[in-house]
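J.: Next up is a structure, given as structure tokens.
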Amino acid sequence: LFLVSHTPELINQIKKYDPQIICFSALTGVHQSIYKLASLIKKEIKNVITLMGGPHATYSPEAIHEDGIDIICRGEGEYAVLELAEELEKNTDITNIQNLWVKKKNGEVVKNDMRPVANLNELPFPDRELYYKYDFLRDLPMKRFIASMGCPYQCTFCHEPVIHKMYKGKG
């Protein structure tokens, strides 16, 4: 995990880690800076795959057409990204993974359907220790975290009603 704003020499840190895939979570509003960063990473690190998830990719899937983005994840990413990592490990086809839209080498985009909602009881608790390498987070006297997934409310100003429609009939 790298926090862009708190990782000096980010590209060198990424090169040192040598990942096969780099994932970004993006809200609308910061998505433009993610596009720029993904493009820079793709120029500096040739064979890395970039994936954008989060609300922006979910509600604005045309993000897949940006130069630095190879894959977008719409909706929940826990099992989609796990399946992607497993397929990459086996060096097999990654274009048929639910929740992912995958840009092929020829520019064609494979748009996969949404998978059913994950059973939260099957998922491990998030590894918040990943954040504690950053002093300003580790040393906070009070830790903040979200203890749920999604939201049961249907506020008209929020994105939740849209996600409820996307997952209708899927759990």
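J.: For the range 93-171, which chymotrypsin sites (Phe, Trp or Tyr not before Pro) are in a loop by DSSP, counting at most 16 other Cβ atoms within 10 Å?
T.: Tyr134, Phe145, Tyr153, Phe157, Tyr167
J.: Per residue of the chain, what 222 nm ellipticity follows from adding -39500 (n - 2.57) for every DSSP H run with n ≥ 4, rounded to the nearest 500?
T.: Mean residue ellipticity, 222 nm, calculated: -8000 deg cm²/dmol.
J.: Here's another thing I want to ask about it. Give the cross-link partners of Lys42 among the lysines, using a straight C-alpha distance below 30 Å as the criterion and excluding same-chain residues fewer than 8 apart.
T.: Lys15, Lys16, Lys90, Lys103, Lys104, Lys105, Lys111, Lys133
J.: Another question about this same structure. Residues of the chain: accessible area per residue at 1.4 Å, in Å²?
T.: 67
J.: Something else: For labels at Glu129 and Leu88 in the simple 7 Å Cα→Cβ model, what's the distance in nm?
T.: If labels sit at Glu129 and Leu88, their model points lie 2.3 nm apart.
J.: What's the carbon and sulfur percent of the chain's accessible surface, probe 1.4 angstrom, rounded to a whole number?
T.: Carbon-and-sulfur percentage of accessible area, whole number: 55.
J.: Which value in Å is the Kirkwood Rh of the chain over different Cα pairs?
T.: Answer for the chain: a Kirkwood hydrodynamic radius of 17.5 Å.
J.: Loop only by DSSP, 14 or fewer other Cβ within 10 Å of the Cβ. Give me the trypsin sites (Lys or Arg not before Pro) in the range 43-112 that pass, ordered by residue number.
T.: Those that pass, being in a loop and sparsely packed, are Lys46, Lys104, Lys105.
J.: Relative contact order of the range 1-125: what whole-number percent is it, with Cα pairs under 8 angstrom and at least 6 residues apart?
T.: Contact order relative to length: 17 percent.
J.: Going by a ≥ b ≥ c, the root eigenvalues of the Cα gyration tensor, does the range 107-161 fall in the rounded group (a/c under 1.5), the prolate group (a/b larger than b/c) or the oblate group?
T.: Verdict is prolate for the range 107-161.
J.: Rounded if a/c is under 1.5, else prolate if a/b is larger than b/c, else oblate: which is the range 10-57, with a ≥ b ≥ c the root eigenvalues of its Cα gyration tensor?
T.: Verdict is prolate for the range 10-57.
J.: Within the range 66-171, list the GluC sites (Glu not before Pro) lying in a DSSP loop whose Cβ has at most 11 other Cβ atoms in a 10 Å radius.
T.: Glu108
J.: Report, in whole Å, the centroid distance computed from the Cα atoms of the range 79-96 and the range 12-26.
T.: 17
J.: Would you mind counting up the charge near His56? Only other residues with Cβ under 12 Å from its Cβ, with Lys and Arg at +1 and Asp and Glu at -1.
T.: Counting the neighbours of His56, the net charge comes to -1.
J.: Report, by chain and number, residues whose modeled amide H sits under 5 Å from the one on Ile49, excluding near sequence neighbours (fewer than 5 apart, same chain).
T.: Ile21, Ile22
The values are calculated or read from the model by the stated rules, or taken from the named source; none is laboratory data. In this text, all values refer to a predicted model and were calculated from it rather than measured experimentally. As a convention, Cβ positions derive from the backbone with ideal geometry for all residues, glycine included, and neighbour counts pool all protein chains shown. Side chains included, ligands, DNA and RNA excluded: accessible areas come from the protein's heavy atoms. Shrake-Rupley method; radii C 1.70, N 1.55, O 1.52, S 1.80 Å.
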